[in-house]
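K.L.:
This is the structure I want to talk about, given as structure tokens.
Read-outs: derived from the displayed coordinates by stated rules, not from any lab. Remember, predicted model here, so these are calculated numbers, not experimental data. Cβ atoms come from the backbone with ideal geometry, glycine included; neighbour counts cover every protein chain shown.
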Amino acid sequence: MARDHDPDKFGHPIPHDPEFKGPLKHRSCTDVLCLLLFLAFVGCWIGIGIYAFKNGDPSSILIPKASNGLRCGKDSTVINKPYLFFFDLTKCIGPSVPFTGCPTLQICVEKCPDKKYFKDLSDTKVDRSSVETGIVQLGTYRVNQSSEDAYLC
């Protein structure tokens, strides 16, 4: 059943005109200037990218860096240590970290540890007995080791 159309409510229908071609008579391009500005912007960024890859070191942003500035697995003193170990990953949570970096100690390691490590707050030196009780020396940093498994790299 078709709906009843009320011409007083919706108006009268326009009759079909086979000669009607639409509003093509006064059309023109209006965004040519915006297109040219956008293409110039994209071209500048392509130029900056080419310059950066030719004159820079793209691997420096892809390779992890320890607290002392050494690039893990790349610099000669840590060539066999490709992984970066964060001592306190909770310090890396914050709005300023992308700009200032993570303030926790970071060192290059040969493999990711399979145990959790904690800071050693005692002033005693590391000796054979303390290694057996769970205090270990990781690089030149002294930390406590727990028996729980962890993946902190």
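K.L.:
May I ask you to sort Leu70, Leu35 by Cβ crowding, counting other Cβ atoms within 10 Å and putting the fewest first?
P.N.:
On the way: Leu70 19, Leu35 10.
By the 10 Å Cβ count, ascending: Leu35, Leu70.
K.L.:
Could you please rank Lys115, Lys81, placing first whichever residue has the fewest other Cβ atoms within 10 Å of its Cβ?
P.N.:
Ascending number of Cβ neighbours within 10 Å: Lys115, Lys81.
K.L.:
Taking the Cβ of each residue in Thr77, Thr104 as the centre, tally the other Cβ atoms inside 10 Å and list the residues starting with the fewest.
P.N.:
On the way: Thr77 9, Thr104 13.
By the 10 Å Cβ count, ascending, the order reads Thr77, Thr104.
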